[in-house]
Structures are given as structure tokens and as C-alpha cells.
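*Asks:* Before we start, here is the structure in question, set down as C-alpha cells.
We did not get these values from a lab; they are worked out from the coordinates using the rules stated. This is a predicted model, so every value here is computed, not measured. Backbone-built Cβ (ideal geometry, glycine too); neighbour counts: all protein chains shown.
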Amino acid sequence: MAKSIYEKIWEAHVVHEEPGQDPILYVDLHLIHEVTSPQAFEGLRISRRKVRRPEMTFATMDHNIPTTDRSKPIADPLSKRQVDTLTANCKKFGVTCFDMQDVRNGIVHVIGPELGLTQPGMTIVCGDSHTATHGALGALAFGVGTSEVEHVLATQTLLQKKSKTMEVRVEDVLPPGVTAKDVILAIIGKIGTAGGTGYIIEYTGDTIRNMTLEERLTVCNMTIEAGARAGLISPDATTFAYLKGRDFIPKDKSWETLVSEWSKWASDPGCSYDRAVVLKASEVEPQVTWGTSPGMVASINGKTPILSQLSDPNERLAARKALKYMGLDEGMPMRDIQPNKVFIGSCTNGRLEDLRAAAKVVKGYKLHPRIEQGLIVPGSTRVKRLAEAEGLDRIFKEAGFEWREAGCSMCLAMNADVLNPGDRCAATTNRNFEGRQGKGGRTHLVSPAMAAAAGIAGHFTDVRDWEFK
Amino acid sequence: MRSFTTLTGIVAPLDSLNVDTDQIIPKQFLKRIERTGYEDFLFYDWRYLEDGTANPDFEMNAPRYRGASILLTRDNFGCGSSREHAPWALDNYGFRCILATSFADIFYNNCFNNGILPILLPPETIERLFREVRAKEGYALTVDLPAQSITCPDTARIPFDIHPFKKECLVNGWDQIGLTLRHEDKIAEYERKRGIA
């Protein structure tokens, strides 16, 4: 029978199944970071347990770390204690840790693929909801809580119930100026932020097939914002070309053998899904969120909603609250919204292609006088170095942007990069929740090119009409 | 893990859709390395005013909801990040049971791993409970997990569904790691077959 990639990976990883219990699923790669792991290691210590497979466990510090001078100690004592705790735990339990000084350091979901740790057919977990990102390489990857982090550390497995499957097929050629970020925002707008709850999403269709691997990472990254824990894309030539030569690709097998093994994970033609959704890429315009949930999104040529036109009373209430928090009127053109900050980075859009797309818009321009801060934070130290080698840092700096060290930074503002109350930010991140980027801060989710254009124009503008210099 | 069998408690309303984990506990409180002491940070940005005093407009702050152990809310509760600090904060504050029309997947799992019972109820039942909670001060419910039913003060019992294995783990307070390690031989056998040395 024809099987989907999810079914294939699931079946290959069930360790034990018995009636009345959740199956035990094997975990091939466990990624950890400083925020969601300390209590898990503490649990191991209390129960006198070891890490079962330290060689399958990799740690990075990303959420708390400063994006300024790395040679100085972390100023915030609580952040410092959390980062130091990760270092100590990794040392005690024998786990490889890419610390702040390591060239392999970066956001956990940027470095997994970049180092070739993430490979097709793997099961991957991390105490972080954006673990869905890794699905772009054909891995079953999802976020877990700290209790489950401890469970995986101790047993290299998880108790898991099988999910339903949803096919999200994206068809047609993506118009110029419309990006992977716009596609995933449009998908969330279409199915809703809880539309994927209980499902694993597989992205299919020619639009997805024609995307670069980095674009696919952006799509899978925001799967959790549609409510689904994991989003996958069947591996193909694009996947294999991306992986070739990366640090952690097995050396004991020939490249041909690896490609042949990886190819087998792809969904069989004609396999079935519990639900299917189709999106026409040709109809997608650049997207901008107006509210406090990623599903509150409109096209750049659209407007904020008119409350009386929303039929569901709870939805109307939510929209009213969101517009109030965002300081926006109903029926307001998206183009009239004026940010005073720009943030380009995160596990959603902090990779080299993202920085290139933003730099292309910025080149030859200056930040609008209204913009008080434009932050560029690469997703990893390697991304930063590659961008510098291409001269992207100079383009940004000449325009008035700040060029920083890698990390999660202002995506969730756990370090010193925080919005002030009332700030309005054009952000390439994944969540526009109240206070996400700082208490009272207002976030508009957009693609890197759209964020850059808003920074130059001083308001959101259609990047399809941009005059590139 | 702490077990859950029956609970009688005051119900507090949280009338919002898509309450995300950044609202349940904002990120500045995720820097701690402990599992306890999060009670004062729950719903922080909604609960307190700029000067740190209680926000009178936040419904749950009303004295009548003091000591509540059951939280009543709406769609997609707990969406967003995987932070287990969210159920820790709810638990530390005193909530042992959450009633909603739907929950985000990761949050839902995290509740069970912390002895908190999340119950899914139909929209009309949630709507009715919101009305009843607001109409009667001291409104309390009795939740009986083994019987899968909720006893209301004046109206009929409300039955609820729950995954049998999750129920069994919660009723017995089973340590999941201990449960899995009973099958350690099978894990070792799986690793041998895969050539994981």
C-alpha cells in the first residue's frame, strides 16, 4: 500500500507497541538549548539516571545570548546562570555543546540543517516548538516539553500517539516578490492557527518542489503556528544537494548509498491523507499580519478587518482586542501602517538567502528617519560569516542597520534586544503574540524583503513594486 | 508524578481565544532553572498594572475567584511555544484542571506530565459554564476523572472524553520514564537491529 513519509518514518521508529498504551517511538536526534533543559537534567540527577545516547544529543545556546560583543560576559545574571548551567550539564553528561565561542553556534533550528545533523528519515525532537523546521529535509521533527526532554535524555524514546495526516498542496509558480514566508502565512490565514491541531502536515505540490531548501525550512518552521506539531517535505534532489559535504553527514557510507537510503523515505505516489488543502501560489500576495495571532493576516494591498463584518462573536471580540493592542483602526490599509523598528533574523528567516533578499532591497538606500532601530541578526555564526564574505553586512550598515552576532534575539526578546512599549516592529519572525518582542511591543510578521522595504519606506509597501538599485 | 482522581474547586473564567504561552508566562520568567516558584508570573502582563498592583480589569483578579483550581477558557488554549513553564505556572498558582473547547497539542501533553487535567468540552457547554460562573459567586465544580464526569451545582452532570492511556497515567500518577524503562530490553533490541552501537 502506498505510504506517506510520515507513515514510513513512524513505522521505522516504533520500538514497542501494546494495547492500551501509547507506542514507544525512537528518537534519532535530540537537540537541546539552555531554556528548556535545566529542569530535565535536574530530573536525571534526582533519579540518578544517565543520558542514554549522549552521541545523539547536541546542545546549543541561542535564546539568552547577547548579539553584541561576545568577548564580554553575559550582563544579565539570570541569563548567565542559565547558559552556564547548560555548559555544566553538557560537561557532566557528556553531551556536545556548541557554546557562544564555537563557530558552529547559532539558533538550534538553523544549525541542525546547516551542520547536516538533520537528515531525511530521522526522528528529531527538541524542547522548542519550532523544531518543525527540520521537517524541510524529510525528517519527522517536533517540539516537546521539558518532562519529555528528560524522557528522551533518559531513554532516547518518547511515548507518542500517532497523529492524523494533512496534505497541504501548494501549486503554481510563485510570483516574483512573493516568498516562502508569504506562502506559510497565507496557509495559516487559510486553515487557522488551530487548523492543524492533531495533525502532521506534509507540504507537496510543484511550488514546494521548486523551492530552495532554505525556503522549505521557512515553510516548515511556521507549521506550529497552524497548530500542527510537525510539517514535512519529502526529500528530493534539492534536499540531497543541500546536504552534500555538511559536517555530520555519515562518512562510513558512499554518497550514492546515502542518497538511495534517503530517497526511500519520500511519500509514495497515491498515498492517502486524512485531510487535504490546496493553495494556489499564483494567488498569494506579500503578507503582513495586523493582529496578535499569526492567523490575523492580510495581503499588503488589503486592510485590517471591519469588525461588523466578522460573523463569529468570539472572533469579533478577539479582533477588537487585537486591533486595540496593535493601536490600529478597523478597515485601515496595510500600507498605511508605519513601523518604527525593523528586525530581520530568527529560525524562520535568519538564513543566508533571507539576508540576501533583504540586502537586495536595502542596497543603495538609507533607513527611513522614522525607523529608530533596524536590527539584522543572522541565524548562526556561519550564516554571519558567509554573509560578510559576500559584503551583505556593509550594505546593511551603510543603510543604517545594526549588524549583530547570531542568536534568537528579538524574536522572543529573552536577551537585551527588546521592543519598548508602543514600539511597532516589522519582523521576519514567527509570532506576533502580545508582548512577544517586549511588553507592549507590536509585531507585524513579514518576509525579509518586506521588512527591509518597510524600513526604507517608513511604512509597509508592496515589494513587488520596489525599485532595486 | 502527582496523581489526579477527583477535584472540587472554584472555577475562574479566562474569556479569550488563542491564549498563547507568552500570555500564560512571559519570556522574562523563563530564565530560572527551577521547576517551582512561577505562581506570581502567571498571566503576568494581564494580571498586573505598570506599578505592579493587580489589574482590576482582569476578570480573574476579582476576589470571588481567589483560590480557584479550575480554569475555564476557550479555543486553542496554550498555543505557541513548548515551554513547560506554562503548566508549571498554572500549577504553582493552584490550577489543577482546565476546561476549554480546544488545546494546542504540545501544551496538552505538557499538562498530563504535570498532573494537570485538560478537559475538552463542546462550545455550547463552555458557553453555558461561562454564564453560570459569572452568575453565581463561589461557583464550584467537582471533576471526577475515573468516572469521566463533571458535577455542576444546579445542572446535569457533564461527561467528557479522554484518551484511556493518558487517563490511566494521571489517575495512577505514573512516572512516564519509569514506565518506558520497563521496556528497556526492547529499546536495546531496537538499537541492535538498527546498528546503533
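*Asks:* Can you give the Rg and Dmax of region B:1-79 based on its C-alpha atoms, in angstrom?
*Replies:* That works out to 13.7, 40 Å for Rg and Dmax.
*Asks:* Based solely on its DSSP helices, what 222 nm [θ] is calculated for chain A when runs of n ≥ 4 H residues each add -39,500 (n - 2.57) and the sum is averaged over all residues, nearest 500 deg cm²/dmol?
*Replies:* -9000 deg cm²/dmol
*Asks:* How far is helix A:180-191 tilted off the main Cα axis of chain A, in degrees rounded to 10, range 0 to 90?
*Replies:* Long axis of A:180-191 versus the principal axis of chain A: about 90 degrees.
*Asks:* State the volume of the convex hull built on the alpha-carbon positions of the protein assembly as shown, expressed per residue in Å³ and rounded to an integer.
*Replies:* Value for the protein assembly as shown: 152 Å³ per residue.
*Asks:* Then there's this: At 25 °C and a viscosity of 0.890 mPa s, what translational diffusion coefficient does Stokes-Einstein give for region A:32-124, taking Rh as the Kirkwood radius over Cα pairs? Give it in µm²/s as a whole number.
*Replies:* It diffuses with D of about 174 µm²/s by this estimate.
*Asks:* Once you list every other residue whose beta carbon is under 15 Å from the beta carbon of A:E467, what net charge do they have if Lys and Arg are +1 and Asp and Glu are -1?
*Replies:* Counting the neighbours of A:E467, the net charge comes to +3.
*Asks:* Straight-line reach from B:K167: which lysines have Cα under 18 Å away, leaving out those fewer than 8 places along the same chain?
*Replies:* Leaving aside lysines fewer than 8 places away in the same chain, those within reach of B:K167 are A:K161, A:K162.
*Asks:* Per q in 0.09, 0.11, 0.13 1/Å, what log10 I(q)/I(0) does a Debye calculation on the alpha-carbon atoms of region A:56-183 return?
*Replies:* Those come out to -0.35, -0.51, -0.68, one per q.
*Asks:* Hey, another quick one. To the nearest 20 Debye, how big is the dipole of region B:1-48 about its Cα centre, given +1 on the beta carbon of each Lys and Arg and -1 on that of each Asp and Glu?
*Replies:* Rounded to the nearest 20 debye, it is 240 debye.
*Asks:* Tally Lys/Arg at +1 and Asp/Glu at -1 over every other residue whose Cβ is under 12 Å from the Cβ of A:D69; what's the total?
*Replies:* So the environment of A:D69 carries a net charge of +2.
*Asks:* Please provide three numbers in whole Å: the alpha-carbon extents of region A:126-246 along the principal axes, with the largest listed first.
*Replies:* 47, 39, 21
*Asks:* While we're looking at this one, here's another question. Could you tally the net charge around A:S263, taking each other residue with its Cβ under 15 Å from the Cβ of A:S263, Lys/Arg +1 and Asp/Glu -1?
*Replies:* Its environment carries a net charge of +2.
*Asks:* In addition: Give me P(r) over region A:335-469, computed from all C-alpha to C-alpha distances, binned every 10 Å, as integer percentages.
*Replies:* Spelled out per bin, shortest first, that is 14, 50, 32, 4.
*Asks:* Students often forget the sequence filter, so: which aspartates and glutamates lie under 18 Å Cα-Cα from A:K321 once same-chain residues fewer than 8 apart are removed?
*Replies:* A:D312, A:D329, A:E330, A:D423, A:E434, B:D15, B:D20, B:D22, B:D45, B:D57, B:E59, B:D75
*Asks:* Sticking with this structure for a sec: Looking at chain B, I'd like the Rg to Rh ratio, where Rg is from alpha-carbon atoms and Rh is Kirkwood's inverse mean 1/r.
*Replies:* On the Cα set of chain B, Rg over Rh gives 1.03.
*Asks:* How big is the C-alpha Rg of region A:235-335 next to the rule-of-thumb value 2.2 N^0.38 Å, as a ratio?
*Replies:* Dividing the Cα radius of gyration by 2.2 N^0.38 Å gives 1.78.
*Asks:* Using 7 Å Cα-to-Cβ label points, what is the A:D76/A:A389 separation (nm, one decimal)?
*Replies:* 3.2 nm
*Asks:* Across region A:219-308, how many lysine pairs, 8 or more apart or on two chains, come within less than 25 Å at their alpha-carbon atoms?
*Replies:* Total qualifying Lys-Lys pairs in region A:219-308 comes to 5.
*Asks:* May I pose another question? A 31 angstrom limit on the alpha carbon distance is what I want to check against. Which of A:K360/B:K27; A:K92/B:K166; A:K8/B:K186; A:K3/A:K181; A:K190/B:K31; A:K92/A:K164 exceed it?
*Replies:* Checking Cα-Cα distances, A:K360/B:K27; A:K92/B:K166; A:K190/B:K31; A:K92/A:K164 exceed 31 Å.
*Asks:* Under the definition of Cα pairs under 8 Å and six or more residues apart, what whole-number percent is the relative contact order of chain A?
*Replies:* Relative contact order of chain A: 17 percent.
*Asks:* Using label points projected 7 Å from each Cα along Cα→Cβ, tell me how many nm separate A:E330 and A:D312, to one decimal.
*Replies:* In this crude spin-label approximation the distance works out to 1.7 nm.
*Asks:* Related question: Rg over Rh of region B:85-197, using C-alpha atoms and the Kirkwood radius, what does it come to?
*Replies:* Value, to two decimals: 1.12.
*Asks:* Further question: For A:151-159, what's the mean count of beta carbons from other chains sitting within 10 Å of each residue's beta carbon?
*Replies:* Mean partner-chain Cβ count within 10 Å for A:151-159: 5.
*Asks:* Could I ask something else about it? Which order do A:T118, A:T133, A:T85 fall in if you start with the one that has the fewest other Cβ atoms within 10 Å?
*Replies:* The order, fewest Cβ neighbours first, is A:T85, A:T118, A:T133.
*Asks:* Now for a separate question. Any chance you could give the angle, 0 to 90 degrees and rounded to 10, that helix A:352-362 forms with the longest Cα principal axis of chain A?
*Replies:* Approximately 10 degrees, to the nearest ten.
*Asks:* Provide, in order from the shortest bin, the percent of all Cα-Cα pairs of region A:291-369 in each 10 Å bin, continuing until the bin that contains the maximum pair distance.
*Replies:* Percent of pairs per bin, in order: 15, 38, 30, 16, 3.
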